Amino acid sequence: MKPPDFELEEWFDEYETNVEINLSKGYIQGLGTSRFNTSIDKLEYAAPTAGDIELREELGSRYDRSPEEILCTCGAQEANLIAALSILEPGDHTIVVLPTYKSITNIPSVLGDTTTIELNPPDWEVPLERIVASITPTTKLIVMDNPNNPTGKYHEQETIESIYEIAASEDIFLLIDEGYRAIVSEPYDPIAAFGNYGVSIASVTKPYGLAGLRFGWMAANSHIIERATMWKNHTTISPPILSQQIAHQALTDQEDDILSTHRSLLDQNANRIKEFVNRHELQWHPSETSTAFVKIPDSYASGREFSIELVEKQDTLVVPGESFGHNQYIRIGFGISPEILEQGLGRINTLLNS
Ligand SMILES: Cc1ncc(COP(=O)(O)O)c(C=O)c1O
């Protein structure tokens, strides 16, 4: 089976190790280990392999679910893979909402038929009538992310409620990658708290600045989690034990401190991005996360052309919108220090003025 292209990760691989100013990452700048207790007796498999029971109790309480309805994984990425494997049977159809992070779409599309629903600029609203019209007798799953990567849009609660009602009434699961949700200032309930048909995916990567831990989880009904646990035995068995220990601290005692620090960093940086796009009269949707999806001037043939010129002439990396199917856009990641952001915007400014 040919692996689908993943332009975003390929772009990172090509450029990010050699670039001076990196505005390409979607997550918040990494925390160091010094604030965490990292001492551990034995580097064994974590037991139980579904994840530490106390941690799953804590996570479960956020979804109004029991620990048996939570599975800890290696990042949201693994959770997205095994959730799709656990829900879909041969012949099942999936509705995918784009733009989004590629693996969310690619995995269902190698497992079966998919129909794509496009969010469109400038508001990136979900066209509910298109979802309804795309449902077939074999539709088993709707997948999307919320908040959205790359736009940073957090869909209105009523929109998500409507999609959930449409899905549940047709016996369809609604899987939402909520990896950015914890960074939003006033998040409403996650989808797994809506009922039996809701599946939530999340991780400590984005809001907590802990991408390198590779620690995430999924929340769903116990039947799905049972199947996902069987799939996990075939992928990574248990979560990495040291990552789990650090994630536990980040998600409990240290959570308020980490999230409030990161929220105020993003507020400050989002204001700076807003000034920048307004001054250059560029189109974007105000972001509630750490990424801004910005339309580039028509004088550039494509986001890729713009991004290559920026990296070659200004040693500054953003992500071409082509990675998300929108070739007149670039994605600017602003989960970085205000000083680095300032330098990066200065270089984009130089390119725009040249
Ligand atoms: C929506 C979304 N899901 C999943 C991932 C991967 O996250 P993780 O590091 O938790 O595996 C990303 C990374 O950019 C993402 O944007």
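The values are calculated or read from the model by the stated rules, or taken from the named source; none is laboratory data. Quick caveat: nothing in here was measured; it's all calculated off a predicted structure. Glycine also receives a Cβ, built like all others from the backbone with ideal geometry; neighbour counts cover every protein chain displayed.
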Item to complete: Consider Leu59 carefully, then state whether it is more than 12 Å from the ligand (Cβ to nearest atom), in a helix (DSSP H, G or I), touching a residue at least 24 places away in the same chain (Cβ under 8 Å) and over 15 Å from Ile201 (Cβ atoms).
Response: no
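Report whether or not Pro108 is within 17 Å of the chain's Cα centre (by Cα), under 23 Å from Phe194 (Cα atoms) and in the same structural domain as Gly195 (by TED's automatic domain parsing). Before the answer, list the steps.
Numbers: within 17 Å of the chain's Cα centre (by Cα): yes; under 23 Å from Phe194 (Cα atoms): yes; in the same structural domain as Gly195 (by TED's automatic domain parsing): yes.
Taking the combined requirement at face value, the residue satisfies it.
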Item to complete: Exactly one condition in (1) within 16 Å of the ligand (Cβ to nearest atom); (2) without any contact (Cβ under 8 Å) to a residue 12 or more places away in the chain is not met by Leu175; state its number.
Response: (2)
Fill in: So Ser39, is it loosely packed, with under 15 Cβ neighbours inside 10 Å, among the polar types (S, T, N, Q), away from the ligand (no atom under 16 Å from the Cβ) and over 18 Å from Ile246 (Cβ atoms)
no
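With the structure loaded, tell me whether Glu68 is under 24 Å from Pro240 (Cβ atoms), out of contact with any Lys or Arg (no Cβ under 7 Å at 6 or more places or on another chain) and charged (D, E, K, R) or whether it fails that test.
On the way: under 24 Å from Pro240 (Cβ atoms): yes; out of contact with any Lys or Arg (no Cβ under 7 Å at 6 or more places or on another chain): yes; charged (D, E, K, R): yes.
Spelling it out, Glu68 is indeed under 24 Å from Pro240 (Cβ atoms), out of contact with any Lys or Arg (no Cβ under 7 Å at 6 or more places or on another chain) and charged (D, E, K, R).
I'd like to verify a number: residues in the stretch 315-346 that are farther than 19 Å from Trp284 by Cα and touching a residue at least 40 places away in the same chain (Cβ under 8 Å), how many?
So the count comes out to 7.
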Worksheet item: What number of residues within the stretch 71-89 satisfy the criterion of being more than 16 Å from Ser243 (Cα to Cα) and not in a helix (DSSP H, G or I)?
Response: 2
Worksheet item: Taking the stretch 128-150 only, how many residues are within 15 Å of the ligand (Cβ to nearest atom) and out of contact with any helix residue (DSSP H, G or I) (no Cβ under 9 Å at 6 or more places or on another chain)?
Response: 1
Discussion item. Condition first: hydroxyl-bearing (Ser, Thr, Tyr) and away from the ligand (no atom under 13 Å from the Cβ). Now tell me which residues in the stretch 186-217 satisfy that.
Written reply: Tyr188, Tyr197
Response to the item:
When the stretch 218-227 is checked residue by residue, the ones that are within 16 Å of the ligand (Cβ to nearest atom) and surrounded by fewer than 22 Cβ atoms within 10 Å (Cβ to Cβ) are none
Worksheet item: Among the residues of the stretch 97-105, is there at least one that is in a strand (DSSP E or B) and within 16 Å of the ligand (Cβ to nearest atom)?
Response: yes
Discussion item. Residues that are over 16 Å from the mean Cα position of the chain (by Cα), away from the ligand (no atom under 15 Å from the Cβ) and of a type in the set (Lys, Arg): does the stretch 228-246 have at least one?
Written reply: no
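Restricting attention to the stretch 305-325, report how many residues are under 18 Å from Glu20 (Cβ atoms) and assigned to a loop (DSSP other than H, G, I, E, B).
First pass over the stretch 305-325, keeping only residues under 18 Å from Glu20 (Cβ atoms): 306-319.
Among the residues that remain, those that are also assigned to a loop (DSSP other than H, G, I, E, B) are: 315, 318.
Total meeting the criteria: 2.
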